[in-house]
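The values are calculated or read from the model by the stated rules, or taken from the named source; none is laboratory data. These figures come from a predicted structure and were not determined experimentally. Here the Cβ is made from the backbone with ideal geometry for all residues, glycine too, and neighbour counts use every protein chain on show. Protein only, heavy atoms only, side chains kept; ligands, DNA and RNA dropped before computing areas. Shrake-Rupley method; radii C 1.70, N 1.55, O 1.52, S 1.80 Å.
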Amino acid sequence: MKKIINIFIFTIICVFTLTACSDGSLKNLKDGHYRAEYKSFDSYGWKDYIEITVTNGEVSELVFDAVNMDNGSLKSEDESYKKQMEPIVGTYPAKYNKDLINQFLESGKISSIDIVAGATQSTGSFKTLLTSIAPNLKNGDTALVLVDDFVVSK
């Protein structure tokens, strides 16, 4: 019984230690241009993607946006989308994309990204795409990362 308790305590300590160290920071990155996107368009006809350029081991450029299935336009440049969204939730794609990107660039940690009010779904998408592309940034694999569909319910 004492041995089982010791193993249990040891396991708890290991899990706590590893969790404390895994803060989602992106350090020691390989130079290159990287892209991650969802495999499919969501039920509204948008596909979120992220593009990251790493120069001298650090993120030098970061783009988060969505492309429209019908005409290839970007959600951040869609004025009608902005006009519909902003009065209701107080934000719009160009604004919350910039906020999410700045949050990440300031901390360098995925875990430090707070949910943007009115853009909860997009915040989750941004974090999912960053998490999915992180291994490639560290090992220098510039192949497109396809992420399982992000479910959006109407």
request  = Please go through region 75-89 and pick out each residue that is open to solvent by less than 70 Å² (accessible area, probe 1.4 Å) and within 14 Å of TYR44 (Cβ to Cβ).
outcome  = LYS75, ASP78, TYR81, MET85
request  = Tally the residues that are under 14 Å from ASN28 (Cα atoms) and in a strand (DSSP E or B), restricting the search to region 42-63.
outcome  = 6
Residues being more than 19 Å from the chain's Cα centre (by Cα) and more than 20 Å from ASN102 (Cα to Cα) - total across region 36-67 = 3
Meets criteria (under 27 Å from LEU137 (Cα atoms) and out of contact with any Cys (no Cβ under 6 Å at 6 or more places or on another chain)) for ASP114 = yes
remark   = Of TYR92, TYR96, the only residue that is out of contact with any Lys or Arg (no Cβ under 9 Å at 6 or more places or on another chain), crowded, with 18+ Cβ neighbours inside 10 Å and closer than 18 Å to LEU74 by Cβ is TYR96
inquiry  = Quick check on my filter: what residues within region 109-123 are closer than 19 Å to GLU86 by Cα and open to solvent by 10 Å² or more (accessible area, probe 1.4 Å)?
reply    = ILE115, VAL116, ALA117, GLY118, THR120, GLN121, SER122
